[in-house]
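What follows is a short report on a single structure.
No lab work stands behind these numbers, since they all come straight from the coordinates. Please read all numbers here as calculations on a predicted model, not as lab measurements. Here the Cβ is made from the backbone with ideal geometry for all residues, glycine too, and neighbour counts use every protein chain on show.
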Amino acid sequence: MSKVNLATLGASLTIPWVPLEFAQVDDYHCLLVLYQGSYPPHYHNKDEFFLVLSGAVDVEIEGEGTVTLQEKEGLVVRAGLHHRSIARTPSALVLLFEAKDITYNPVVMVSQVQEQD
């Protein structure tokens with residue numbers, strides 16, 4: 001058993017949106033992700049947990065609005081909800097906790113269609 005320094009691991013991330021798996025807990029991944037800009041809308045077959053370690057993030061959830069997460073705030077996005085993440089600060093460091101067999105399913109959200117008009 002060894003401890004993990006999330007700040008040190010986070011500082012090593014240079015490519016946005018590419019998760020770094022730093023641990024596994026039973027059938028779950030513990031991931032660190034560098035957020036910059038926005039991530040494409042999608043949904044999953046399993047719940048997903050977000051914890052903002054630094055910076056700030058908006059999570060847009062179709063039909064439910066936007067949740068802004070500041071440092072040390074977390075959110076569970078339930079399976080099947082169409083959502084996307086947007087860094088509110090130039091970059092943000094986020095811990096994701098999700099099932100190993102989670103699926104990623106891209107979608108077009110209503111807000112995206114309205115943005116294009």
Candidates per GluC sites (Glu not before Pro) in the stretch 1-68, loop by DSSP, up to 15 other Cβ within 10 Å: 64
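To the nearest 20 Debye, how big is the dipole of the chain about its Cα centre, given +1 on the beta carbon of each Lys and Arg and -1 on that of each Asp and Glu? Walk me through the intermediate numbers first.
Numbers: 7 positive and 15 negative charges, 71 e Å.
Result for the chain is approximately 340 debye, rounded to the nearest 20.
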Over the chain: helical MRE at 222 nm, DSSP H runs n ≥ 4 each giving -39500 (n - 2.57), nearest 500: -2500 deg cm²/dmol
Nearby lysines by direct alpha-carbon distance to residue 3 (threshold 21 angstrom, same-chain neighbours under 8 apart not counted): 72
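What do you get for trypsin sites (Lys or Arg not before Pro) in the stretch 10-108 restricted to DSSP loop and a cutoff of at most 16 other Cβ within 10 Å of the site's Cβ? The partial results should precede the final answer.
Details: sites: 46, 72, 78, 84, 88, 100; in loops: 46, 72, 78, 88, 100.
Sparse-neighbourhood loop trypsin sites (Lys or Arg not before Pro): 46, 72, 78, 88, 100.
Hey, could you get me the Stokes-Einstein D for the stretch 9-92, Kirkwood radius over alpha-carbon pairs, 4 °C and 1.567 mPa s, rounded to whole µm² s⁻¹?
Working: Rh = 13.3 Å.
Taking Rh from Cα pairs, D becomes 98 µm²/s.
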